[in-house]
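Contents: one structure, followed by commentary.
The values are calculated or read from the model by the stated rules, or taken from the named source; none is laboratory data. Treat the numbers as computed from the prediction; the structure is a model and nothing was measured. We place every Cβ from the backbone using ideal geometry, glycine too, and count neighbours over all the protein chains shown. These accessible areas exclude ligands, DNA and RNA; they are computed on the full protein's heavy atoms, side chains included. Shrake-Rupley method; radii C 1.70, N 1.55, O 1.52, S 1.80 Å.
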Amino acid sequence: MPHTDTTRTTDPELPARIVMVGCGHMGFAIVRGLLGSAPDCAIVAVETSPQRREMLTEFGGIAVTDELEIAPGDFVVIAVPPQVFGDFAAAQRHKFAPETPVLSVMAGLNAGTIAEALGTTQVVRSIPNTPSEVFQGMSVYYAGPAVAENTVAQSDLLLKAIGKALRVDSEELIDDATAFCGGGPAFVSYIVDAFCQFAADRGFTAEAGREMAVQVFGGTATLIAHSDKPPMQLCREVMTPNGTTERGIAAFDAAELKNSVMTALAASAQRSRELASAMSSGAGAGAADE
Ligand SMILES: NC(=O)c1ccc[n+]([C@@H]2O[C@H](COP(=O)([O-])OP(=O)(O)OC[C@H]3O[C@@H](n4cnc5c(N)ncnc54)[C@H](OP(=O)(O)O)[C@@H]3O)[C@@H](O)[C@H]2O)c1
């Protein structure tokens, strides 16, 4: 079983300035999280999209530019789509020093591939998720042996400013975390949508369905967090023999829902591995999401 660690090893400060390269869905989620939890941290968003730059400027609280500049002491977060990273690195590599700390949130790009392309040894590979925007992120990250303890500690602090962060010492696990954590909000929203659809079909208003779903999913997550019991025990405690929930779970079992969920997660993790392998061989891999 690979070692994982959620404890901070040192007590560093957040970097004085964070350069966020790519400020789309994920980059902006992190920026919003940081603005709320670390207001003293200066943030520069480097964005190629003019519309996005306009939106970011209107949003306020950060500097916005289309031109990457890295000053000594800056901490660079890269949140561009993986398929544009090769071109980005080729054009911007000369701005990186061998000791420039880089936190990648890009799915399907190995730390070694990024380090080689940018010419820095200080690459931490992470996979965050969109609830970072509301400080409820779950990020998993990997740092190889060449990465300085301070870079690891600052990455950890940055990711913990937007939720929880878990360090793993096997990069293989990042592909599985990409499915679980990166894609998790999409998978959960997909299931929430089924609950909402059921509510609408039965005559609840969309607002009522949404409110019930938020409270049931959020409430259950809080219950699990506050309980020592495994999730299946909490499930069984709702299932009175021959009762309504038991009938519903029987339908889940008949449809092999648990297997379907695990198959979907495995397929998603496999796609992350395919992307990493295609990217590291320089082939590119078409679109990649989280
Ligand atoms: N979305 C998620 O839930 C999630 C979760 C975990 C990890 N990630 C990772 O986060 C990264 C971003 O995903 P996303 O969903 O945020 O994508 P996105 O919404 O498309 O945002 C990417 C942004 O980067 C900009 N960009 C492209 N090339 C650039 C360059 N050379 N310099 C500066 N900015 C550039 C894009 O502008 P244009 O539109 O003009 O190209 C776009 O605004 C991806 O690597 C993804 O794997 C995403």
Distance in Å, no decimals, from the C-alpha centre of region 213-254 to the one of region 84-104 is 47 Å
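Just to be sure I follow: if Rg is taken over the C-alpha atoms of region 119-222 and Rh is the Kirkwood radius over the same atoms, what is Rg/Rh?
Over the Cα atoms of region 119-222, Rg/Rh equals 1.14.
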What's the magnitude of the charge dipole for region 104-179 around its Cα centre, counting Lys and Arg as +1 and Asp and Glu as -1 at the beta-carbon? Answer in Debye, nearest 20. 240 debye
Considering only G108, T205, Y142, whose Cα is most displaced toward the positive end of the charge dipole of the chain, charges sitting on Cβ of Lys, Arg (+1) and Asp, Glu (-1)? T205
Work out Dmax and Rg for region 60-116 from the C-alpha atoms and quote the Rg first, both in angstrom. 11.7, 35
Please give me, ordered by residue number, the GluC sites (Glu not before Pro) of region 52-140 that lie in loop per DSSP and have at most 12 other Cβ atoms within 10 Å. E67, E69, E99
Compare the Cα positions of M232, L265, I249 along the charge dipole of region 214-271 (+1 at Cβ of Lys, Arg; -1 at Cβ of Asp, Glu; about the Cα centre) and return the one farthest towards the positive end. L265
Please work out the average accessible area per residue across region 4-170, using the 1.4 Å probe convention, and give it in Å². 43 Å²
Please list the radius of gyration and Dmax for region 4-170, considering alpha-carbon atoms only, with Å as the unit. 14.4, 41
Report the charge-dipole magnitude of region 1-135 in Debye, nearest 20, computed about the Cα centre from +1 at each Lys and Arg Cβ and -1 at each Asp and Glu Cβ. 220 debye
How much of the accessible area of region 78-186, probe 1.4 Å, is carbon plus sulfur, in whole percent? 58 percent
